[in-house]
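First comes the structure, then the notes that go with it.
The values are calculated or read from the model by the stated rules, or taken from the named source; none is laboratory data. All values derive from a computational prediction rather than experimental measurement. Note that each Cβ is placed from the backbone with ideal geometry, even for glycine, and that neighbours are counted across all protein chains shown. Ligands, DNA and RNA are stripped out before the accessible areas are found, and what is left, the full protein with its side chains, is counted by its heavy atoms. Shrake-Rupley method; radii C 1.70, N 1.55, O 1.52, S 1.80 Å.
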Amino acid sequence: MTRFVVRRLASAVVLLLVLTAIIFLLQAVSPGDPVKAFLGNNASPAAVAAERQALGLNDPLPVQYLQFLTNLLHGDLGMSFRSHRSVTSDLAAFLPATIELVTVSFVFALILGTIFAVSGALRWRGSAFYRGPLLVLATAPPFLLALGGIVIFYAQLSWLPASGQGADTTGPTGFLLIDSIVTGDPGTWGVAWQHLILPGVVLAIAPAIAIGRILRSSLESTLQADFVRTAESKGLKGHVVIARHVIRNSIGPALSMAGLQLGFMFAGVVVVEQIFSWPGIGNYLANSIPVSDFPAIAGVTLVLGTIYIIVNAIVDVLQTLADPRLSA
Amino acid sequence: MTSASQTAPQRGGVGEAASIEGLHISLQRDGVRSNVLRGVNLTIGRGEIVGLVGESGSGKSVLALALLGLLPSAAAPEITGAIRVAGVDIVHGSAEELRTVRRDELGVIFQDPMTSLNPTMRVGRQVTESTHDHAEAIRLMSAVGIADPELRFRVFPHELSGGLRQRIMAAIAVAGRPSLIIADEPTTALDVTVQAQVLDLLRELRDEFDCSVVLITHDLAVAGQIADRIAVLYAGRIAELGSVSDILHRPNHPYTVGLLRSRLSLETPRDRELLTLRPETGSPGERMTGCAYHTRCPLAIDRCAVEQPPLEQGGIPAADAHLRACWRSINDVQNLAHHSQGDSVVTPRTRNEAAAPAVRVEGLHTRFVLKSGGRKRREVHALRGVDLTVQAGEAVSIVGESGSGKSTLLRVIAGLTPATSGSVALAEGGAQMVFQDAGSSLTPWLSIGELLRERLLPLRLGDAENRKRIDKALVSIGLPLSVAGVRPADLSGGQRQRVALARATMIPPAVLLCDEPTSALDASLAASVLNLIREMRQELTMTVLFVTHDLSVARLMGDRIVVMTQGEIVEAGPVNEVIEHPSHPYTQSLLASVPDIGVLA
């Protein structure tokens, strides 16, 4: 087991190095002069040349890459052309809101997906009434869901807010839900939840269906398994059979799908954050792309890629825990 | 004994663990409803072992599930008649009542312990689920013959051998001191030496725990080893019911006689065609009038087709009765039992010592790396220096248990698995292989004609000649030409295995490699496939390498027997020598484990 975890971590590190190399190369071949972008188009050629030298842009590419990696290790992602602040501090400001949104949304997706799967596999009565609509909703692109949600729940019914987080964080962690509790402010906590519901659900629906479908089919095949028949012949109660024998043996494929979807959600957050004016890195990225703010784009890409790799490594380890045969 | 079982209420009380009366069950599959059980009457006395014997499709496993109240709801079962287990009405009882009966009164052992145990739960916990008590679980695990139960308690099923897994199943089955254990083909998935142990275990459990056992099996000899009574099931009805000695030595029903005679044993004459039952043509379960067996019965008279013979006068039969459902007199049936042997076949002595050997294997080693789940690697040394020469025209049987390397050897000779070191030389013509599971070795979406044509493609014969060859191949395996148009799924297991044989032999190979081609078939079908292989061998003067776990089959199919264990050949010699004077202890233990019923008296 330990050996497996170590090997899985090692491969994650290799993947991360590949990711940095790709980002660096993209940056190197991208059109547009970062120095001009930074100093402005009116800068004197002499100033540009001096800046190039200072930034190391005249060095050979491998040397530049090593410099890039060294900076990365020191948490230096360069300066944003747009905000003229370090990308690292920009990310630190925007990342918590995104992580908060995606985490909450992921939990929504897991709950919805599990209900979808279990009700289908166990043929609960009336389950078609919500599985049908859920399936239809999952086919809609997120921006349409977002707009629909805003029109209905904000504009028409006025049940839910439609933009922002509702408050700024003042606490130590940067996560509004946690900070509001730490600082003893239940009012803000409630407001934060209100603001999370719409974007959270919009972002959750497609992953919920993807996870739910996989989980449903593996539940159905596990229910047919001989060992479930053995468990039933022991005279165990129905829910005990499901909880002890069915769930754990069905969870593997759903786990890897959940990992995949969590990665997709960090990518899909760009659209949702824009529509809901969510102060996260998706919004930051959307604002950086039009002005070719490459350090910012690279920073966000690196963060999202890192999250993706870490999530999948964790999923692999979890799968091994769920099924002892995998580490045998 | 624990205090809980001392205070348990008295069970049954009327001297029977379970009773089945007038039981009809129909199940639906792919929208088609079929009558699986059609009027079964049976009692299982306290402390009694009842063997329930029948071919596939006889309804024996459905009867087991019905006793458990676990018929799959997807099959929309319709049940009439009565099943009572420990006084509880299983047919009409509520789900909660059935669950309580399963928990308190029933234990079950299924066919394949690998799939019947939860792969992600430690085996001890699976036993504890039934005992609710760690100490009791440990005690039961040692009672079923598991050494070091404390150590084994913490392992997962895949870390145990097949025999130990089935012992775990047995521990689960006896947990809670059930009044009835249902064992559904408990030994079919196990090696012969393990099979004998599991049967002994079942009898010991009956003696120690004073429970009854329903032993479901396709093999009369297996039932004969431990049962007190045997019920022979045919097409959802009991054809014959009686004590073990009555059924095995004084069979009164033509079907029982047929089953006994088509059973292969170490006494089966080698120079005669193997006896088989007439093949089933329709679906007997759908024939509501007459005796379900009459289309296959050598003694059938007109009455058999129109009037169904009763097993008895109705009601539940007495415990010691020898009952049968047949219109013919007992004398006629007994005559059948003693008469008629198969036609004699001249065993070909086409072995040609002068010609180059068909197969020459020298110093063969094969190692492979098992990657379980793509993670940790485990190296398996499947063949450890095998030398084998097979003369042209010779038939050699390779015998061994699972993991002996016998199938690997065949696959290496066929070129399907690479050798790590050593050499394999084949005569011109190459090798063709017939696999155990004909169902999965035939491409499901191709018709039989297309499957056979594939083999002819390299010869570029043209359509007309291809058609002629395919027809000839179908005739040679005794199938109608219309079979060319159907897909494998529409054929029975025996027919599929015939097609696989036709495909392998339509261009005669230098050597025909058979990997347990009959172990998934009912006895009679198996015998007919073996007959076919022997016929083909005679006609085509083919060299045959026949892999099997069954010494009685090996004896019939080979001129020589080669015994393998743990990747090595431990004994080799002419059939009679190996069977009558085995020199290696492993061969001796294999021979001792062959379940036998003695000569039909």
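The table for this structure:
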| item | result |
| --- | --- |
| Relative contact order of chain B, defined on C-alpha pairs under 8 angstrom at six or more residues apart (%) | 14 |
| For chain A, the spread of Cα positions along each principal axis, largest first, Å | 85, 55, 40 |
| Geometric extent, Cα atoms of the stretch A:1-135 - Rg, Dmax (angstrom) | 23.8, 76 |
| Which of A:Tyr130, A:Tyr154, A:Tyr284 is most accessible, then next, and so on - probe 1.4 Å | A:Tyr154, A:Tyr130, A:Tyr284 |
| With DNA, RNA and ligands ignored, accessible area of A:Trp124 (1.4 Å probe; Å², nearest 10) | 130 |
| The stretch B:116-155: relative contact order in percent, alpha carbon pairs under 8 Å with at least 6 residues between | 45 |
| Cα centroid separation - the stretch A:247-288 against the stretch A:125-152, whole Å | 18 |
| Amide H contacts under 5 Å for B:Ala395, placed H, 5+ residues apart | B:Val544, B:Asp559, B:Arg560 |
| Within 10 Å of each Cβ in A:317-323, the average number of Cβ atoms from other chains | 1 |
| Candidate residues B:Lys472, B:Lys60, A:Lys237: accessible-area rank, largest first, probe 1.4 Å | B:Lys472, A:Lys237, B:Lys60 |
| List B:Glu428, B:Glu465, ordered by accessible area with a 1.4 Å probe, largest first | B:Glu428, B:Glu465 |
| Where B meets A: accessible area buried, both sides, 1.4 Å probe, Å² | 2500 |
| Exposure of B:Phe435 as accessible area (Å², to 10), given a probe of 1.4 Å and all protein chains | 60 |
| The protein assembly as shown: Lys pairs at Cα distance under 27 angstrom, eight or more positions apart or on different chains | 4 |
| Cα centroid of the stretch B:131-205 to Cα centroid of the stretch B:420-454, whole Å | 39 |
| Crossing angle, helix A:186-223 versus chain A [Cα axis fit, 0-90 degrees, rounded to tens] | 60 |
| Relative packing of A:161-168, B:530-537, which averages over residues the other C-beta atoms within 10 Å, highest first | B:530-537, A:161-168 |
| Accessible area of B:Ser482 in the full protein assembly, 1.4 Å probe (Å², nearest 10) | 90 |
| Chain A - accessible surface per residue (Å², probe 1.4 Å) | 50 |
| Number of partner chain Cβ atoms within 10 Å, mean per residue of B:112-119 | 5 |
| 12 Å beta-carbon shell around B:Ala554, net charge (K/R +1, D/E -1) | 0 |
| Relative contact order (percent, whole number), chain A, Cα cutoff 8 Å, 6+ residue spacing | 26 |
| Fraction of beta bridges assigned by DSSP in chain B that are antiparallel (%, nearest 5) | 60 |
| Top of A:Ala146, A:Ala243, A:Ala109 by mean-square fluctuation, Gaussian network on chain A, Cα under 10 Å | A:Ala243 |
| Accessible surface of the stretch B:163-218 [probe 1.4 Å, protein heavy atoms]: carbon and sulfur percent | 39 |
| Counting DSSP beta bridges with both ends in the protein assembly as shown, the antiparallel % (nearest 5) | 60 |
| Peptide A:221-232, shielding by other chains (average Cβ, 10 Å cutoff) | 6 |
| Accessible surface of chain A [probe 1.4 Å, protein heavy atoms]: carbon and sulfur percent | 69 |
| Within a Gaussian network of chain A (alpha carbon springs, distance under 10 Å), most fluctuating of A:Ala47, A:Ala155, A:Ala208 | A:Ala47 |
| Residues with amide H under 5 Å from that of B:Val434, placed H, sequence gap 5 or more | B:Leu513, B:Cys514, B:Asp515 |
| Packing rank of B:218-226, B:85-93, where each peptide gets the mean count of other beta carbons within 10 Å, highest leading | B:218-226, B:85-93 |
| Peptides B:44-50, A:52-58 ordered by average Cβ neighbours within 10 Å, highest first | B:44-50, A:52-58 |
